[in-house]
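Since the structure comes first, as structure tokens, the remarks are kept for the end.
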Amino acid sequence: MLKNRLKSKNLILASGSLRRQELLKSLGVPFEIRLKKIDENYPKHLKRSEISDYLAQLKSNAFVEELSLKDLLITSDTIVWYHNMALGKPVSKDDAFQMLQKLSGKTHEVITSVCLKSLQKEDIFNSITKVTFKELSKEEIQFYVDNYNPMDKAGAYGIQDWIGQIGVTKIEGSYFNVMGFPIHKIYSQLLKFSEEL
């Protein structure tokens, strides 16, 4: 159904994330991947979804001048929100360890924002999922940091990885949102977006 709706459009995913690419592929729509290096800074007064909304839009704005009439661009950004603070991607293994220690035994929010942009319009939306970790031992955290790749993930973890399998005790909301792509919302918003073009 979505494929038919978008057949006159050139769908572009501006993300190097294999997880996002796989999830978009699961919708059965053809798309191309375009990448640009973006300086992901945001005004410090922003909170929660304001941050990810801002960054998703910032990423899309970098492509505006090269979009054609039939292009439909998807950009997104994910943050972990904990104790009134945004946790992005760790800058070092030590930073990753510290982040996971903070999240251990606690509940945090994973917020993913998505920006759909064409030359005619723009739509920004987000999804919020609450995730609870068990008390993680220092050995478990160190094992994960040493053997997996926490460096490219907000909050220093991937829920689909080993630490998600052994450490996450409760999820309230979309699992795929925690992976960085709220595919249920993307599907419905793409349908709506295509109707209004």
Let me have the relative contact order for region 2-196, percent, based on Cα pairs under 8 Å that are six or more residues apart.
23
Quote to one decimal, in nm, the extra length available between Ser26 and Glu172 on full extension: 0.36 nm per residue of separation minus the C-alpha distance between them.
50.3 nm
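If you take the Cα Rg of the chain and divide it by 2.2 N^0.38 Å, with N the number of residues, what do you get?
After normalising by residue count via 2.2 N^0.38 Å, the value is 1.05.
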From the square roots a ≥ b ≥ c of the eigenvalues of the alpha-carbon gyration tensor of region 46-137, which class results: rounded (a/c under 1.5), prolate (a/b over b/c), or oblate?
prolate
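Excluding the sites themselves, what is the longest stretch of the chain that contains no trypsin sites (Lys or Arg not before Pro) in a DSSP loop with at most 11 other C-beta atoms within 10 Å?
Looking at the chain, 122-197 is the longest stretch - no exposed trypsin sites (Lys or Arg not before Pro) with at most 11 other Cβ atoms within 10 Å.
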Would you mind calculating the gained length between Asn41 and Leu119 on full extension (0.36 nm times residue separation, minus the Cα-Cα distance), in nm to one decimal?
25.6 nm
Which entries in Lys47/Lys106; Lys59/Lys121; Lys3/Lys25; Lys47/Lys93; Lys3/Lys185 show an alpha-carbon gap greater than 18 Å?
Lys47/Lys106; Lys47/Lys93
Run the helix sum for the chain: -39,500 (n - 2.57) per DSSP H stretch of 4+ residues, divided by residue count, reported at 222 nm to the nearest 500 deg cm²/dmol.
-10000 deg cm²/dmol
Excluding Asn84 itself, calculate the net charge of residues whose Cβ lies under 14 Å from the Cβ of Asn84, where each Lys or Arg counts +1 and each Asp or Glu counts -1.
+3
Which is farthest toward the positive dipole end of the chain among Gly28, Pro150, Ile183, measuring Cα position about the Cα centre, with Cβ charges +1 (Lys, Arg) and -1 (Asp, Glu)?
Gly28
Please state the charge dipole magnitude for the chain, taken about the Cα centre, from unit charges on C-beta atoms (+1 on K and R, -1 on D and E), reported in debye and rounded to the nearest 20.
420
If you add up the charges near Asp94, with Lys and Arg at +1 and Asp and Glu at -1, over every other residue whose beta carbon is less than 15 angstrom from its beta carbon, what do you get?
+2
Region 26-123, relative contact order [Cα under 8 Å, separation at least 6], %
33
Candidate aspartates and glutamates for bridging to Lys7, where Cα separation is under 12 Å - those fewer than 8 sequence places away on the same chain excluded:
Asp71
Please compute, for the alpha-carbon atoms of region 85-181, the extent along each of the three principal axes and give them in descending order in Å.
52, 27, 23
Quick one: Karplus J couplings for region 166-172, per residue in order, coefficients 6.51, -1.76, 1.60, θ = phi - 60°, nearest Hz, x for Gly and Pro?
9, x, 7, 9, 7, 10, 10
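Considering only DSSP states other than H, G, I, E and B, which GluC sites (Glu not before Pro) in region 86-189 qualify as loop sites with at most 10 other Cβ atoms within 10 Å?
Glu135
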FRET E, pair Leu191, Val64, Förster distance 30 Å, beta-carbon r, rounded to 0.05:
0.80
Excluding same-chain residues fewer than 8 positions from Lys70, which aspartates and glutamates have a Cα within less than 18 Å of its Cα?
Glu32, Glu122, Asp123, Glu195, Glu196
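No lab work stands behind these numbers, since they all come straight from the coordinates. Everything numeric here is computed off the predicted structure, so don't read it as measured data. FYI the Cβ positions are ideal-geometry reconstructions off the backbone, even for glycines, and counts take in every protein chain you see.
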